[in-house]
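FYI, it's all coordinate maths here, none of it is from the lab. Keep in mind that what you see is a predicted model, and the values were worked out from it rather than measured. Glycine gets a Cβ as well: all are built from the backbone with ideal geometry, and neighbour counts include every protein chain shown.
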Amino acid sequence: MSVIAVLIAISLLIALGFLIAFLWAVKSGQYNDTYTPSIRMLFDDDNKKEQKKDKQ
Amino acid sequence: MSISKPDIKNLKCFHCGEDCPDNSYHTGDKYFCCAGCKTVYELLNENNLSNYYTIMDMPGVSFKGTQSKRFDFLEDKEVIEKLADFKNDELTVITFYIPQVHCSSCIWLLENLYKLNPGVNSSKVNFLKKEIEIKFYHKKISLRELVELLASTGYEPVIQLDSVEKKKTKLNKKLYYKIGIAAFCFGNIMLLSFPEYLSIDVHETFYRNLFGYLNLLLALPVFFYSASDYFISAYKGLRNKIVNIDFPLALGITILFARSAFEILTHSGAGYFDSMTGLVFFLLIGKVFQEKTYSYLNFERSYKSYFPLAVHVKKDNQEISIPVSKLKVGDRIIIRKNEIIPADSILFEGNGSIDYSFVTGESKPVQKVLGELVYAGGRQLNGIVELEVVKEVSQSYLTQLWNNDTFLKKSESGFENFTNKVGKYFTLTVLLIAAISTGYWMHQSSAIALNVLTAVLIVACPCALALSIPFTLGNSMRIFGRNKFYLKNISVIENLSKIKTIVFDKTGTITETGKASIKFVGPELNPFQQEMIKSLVRNSTHPFSISIYEFLKANKFYEVEDLEEYSGRGISGFILGNLVKIGSLNFVMEDFSEEPDSQHYETDEFNSQVYLSINSQIVGYFNISNSYRDGFEKVTNLLNEKYKLAVLSGDNENERENLEKYLGANSQLFFEQSPANKLNFIKRIKTSENKVLMLGDGLNDAGALAQSDVGIAVTENISYFSPACDAILDAESFGRISSFLNFSKISVKIIFASFIISFLYNIVGLSFAIEGMLSPIVAAILMPLSSISVVSFATLATNFLARRKGL
């Protein structure tokens, strides 16, 4: 039965990891602007293609 | 996209998409409307930034109508210091507001600024706020050069008086931390409570104790950190001798925590930590729902958002630029075309043609001659003027409005009061029930009595009650937002539902700026006729005459003989022997013998016809349509049934008749109202029973908007400047005002309905508690169930009813 204690400890640690990840995300400002990145992501791609073309 | 054939008629500027007047500006096969656009294209092309044009077609900002401004005030150390967010030896971080940002190309170009100038380290755009944060090496590029670089690409940042007063609306990060922690603890506690829920007989006390202690450990951060706001608020309330809604919440949470900790530490039970953490989690979610507002809109603008940061002062025959705040009485200031006069001053040199439209609402420019007093807030329209300051900026006529007490009051939220009132009676009732039931059990066993006392307080925790308001109103606010009606916070909805009187500003609010359309009905006028008409009407100051004057293109004038103007009827005169009459049909026909064509009788109630006769022959008429917003007629018809209507206008009385047609005889119409008049009018009619809604647009309405119970700023462009207000209404949705008012009433009804639901739950819960039968499993089911059902009822009901009302 003591395996349950180990499992609980592991599950708590994993959950704690996610909590820390969330807190870090808030702290680093990922929730400050939730709109612009959705556009930015689109043309970042474009840009790389352009560069590849240039190299070719 | 590239333009294949230069078809001159349909030539669109490759940069900004405007029509090109001719094909004189071009590079290769790309045509531009002006030199400005061409320069930007060349600049971007040289720096391999032509990608700008592939992300979006014609993304540029038109240079038409913009003047090259001077940014020499940005060399002032103090100004730089104030504008910068952060500065060290090498790097400066600064945030600008750039209203021109409108598409993804804009973001792309602005974030590639470093390619244009190596002095820029990086830049980051916030699209919704239209802000750009730039990190730059101030040794390589000065702030002034940076702003000039932005301006040269068409993205000139707005730097106004309030740019230096940084009041950053930061995301409430603490709330998110609290939710994260509450969610983590709540989830794990539920998991560890499963053996209890399923009544699995845990033989080994080791596990029972381990789970208990783990639960206690996990509950600590929720109790001490996540829930701390409720304790603070309840304490603050008690200190002010108010029992607010947070008091029963704090009491419930405390009792839950204390009893659970006691049970676990004495090994007498499993505790209610799952209920406690779940409750805190739901409450915090409600808070987010309520606080998630339009952070990119600004509801707090004062004159400082309109006034420039710096002004040019003439000293010892030299022109230097100083911050407006340092302007002193007696300074000579130089104002160029399209610049705003920052302080009351006397015209010293030059011709003043000043547009006061956002001070008074009057759209016609005012001519000023030497020695005349010019009020702050006007915009110089032509040429350069030199003025001597007679009052400091904060003491000027317009800015004094902001010294009025109205702007000092902290808008207290009516609904908070309402919930708090409910909270008060609720708390008293619960305490009474707790006392009676404890007293009853006391006879039998003091242990059970204590059990019942805590159980009653736990169950009665008005969690569902506290959730119904944020979720109902938060959702309603979102529904309004979807319909382009943006509220500052949720308490505006409750105020809206109580409105009795609606006051409109005229210019810009119920009329559309620059829309007054005019057309000539009849055979096309030849140039000579046009010249004659123009020569005649320029002698009159009637708004119709001015409209006709501006409508006709001729620029040759003749002398008018025997000029006569009959007020309210028309104007007549002889030009080169021709009798020209312009005015009402009767006036024009006066000297006719024959009956005129019946087609000319066609009149339209809301448009005005100005007839024209030359040598006693009707030539045709000018149809001048009023510039009221689409749907104004419908709006007033609907509102007239339920509300008192009034119009406050800064303009003259010319429109009185027209407005009476719209608003009906019972409405109040006031003209030539100064900003202070408007404020006082609102103050006068505002009593506790008579809640006033004010709709305005300009700075001249700012006082009235602040004074009213709900002030709505009507604007053509929500990211454009609008005065401080409770809500911003996109002009597009002007026709839906009555639906919005109706829906605010519905929202309040939904809140009452959810109150009833949560009371029902409380009755069920209390009946368990009084009998001393509240087990953790009952609490664990009942409490989240009541929260969830209230939340889903509130959200679904608002969505459903909004759809039925067509919102």
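Structure above, values below:
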quantity	calculated
The range B:21-61: mean projected area of Cα convex hull, nm²	2.9 nm²
Quarter of Cα convex hull surface for chain B, i.e. mean projection, nm²	45.7 nm²
Share of pairwise Cα separations in the range B:311-356, more than 16 Å, in percent	35 percent
Overall Cα dimensions of the range B:680-807, principal axis frame, Å, largest first	64, 32, 23
Too-long pairs where the Cα-Cα distance tops 21 Å, listed order kept, from B:K38/B:K553; B:K87/B:K328; B:K691/B:K749; B:K304/B:K686; B:K488/B:K745; B:K484/B:K644	B:K38/B:K553; B:K87/B:K328; B:K304/B:K686; B:K484/B:K644
Nearest-20 debye value, the protein assembly as shown charge dipole, Cβ charges on Lys, Arg, Asp, Glu	3020 debye
Peptide B:756-764, shielding by other chains (average Cβ, 10 Å cutoff)	0
Shape call, the range B:612-697: gyration tensor on alpha carbons, a/c limit 1.5	prolate
Per-residue mean of C-beta atoms belonging to partner chains within 10 Å, peptide B:177-190	3
Listed peptides B:582-588, B:275-281 by packing density, highest first (mean Cβ within 10 Å)	B:275-281, B:582-588
Linear extension gain, A:A21 paired with A:A9, 0.36 nm per residue minus alpha-carbon span	2.5 nm
Listed peptides B:495-502, B:151-158, B:432-439 by packing density, highest first (mean Cβ within 10 Å)	B:495-502, B:151-158, B:432-439
Debye equation applied to the C-alpha atoms of the protein assembly as shown, log10 I(q)/I(0) at 0.04, 0.05, 0.08 Å⁻¹	-0.26, -0.41, -0.93
Centroid-to-centroid separation of the range B:655-671 and the range B:498-537 [C-alpha atoms, Å]	18 Å
Theoretical ellipticity at 222 nm over the protein assembly as shown - DSSP helices of four or more residues, -39500 (n - 2.57) apiece, nearest 500	-14500 deg cm²/dmol
Burial order of peptide ranges B:284-290, A:2-8, B:658-664 (average beta-carbon count within 10 Å, highest first)	B:284-290, B:658-664, A:2-8
Cα-based Rg of the range B:425-502 normalised by 2.2 N^0.38 Å, two decimals	1.79
Cα shape, the range B:55-158, gyration tensor, a/c 1.5 rule	prolate
Residues B:M58, A:M41, sorted so that the one with the fewest Cβ neighbours within 10 Å comes first	A:M41, B:M58
Equivalent-ellipsoid semi-axes of the range B:477-557, from the Cα gyration tensor, Å, largest first	46, 14, 10
Shielding by partners, peptide A:30-41 (average Cβ within 10 angstrom, other chains)	5
Kirkwood Rh in Å, taken over all unlike Cα pairs in the range B:226-352	20.7 Å
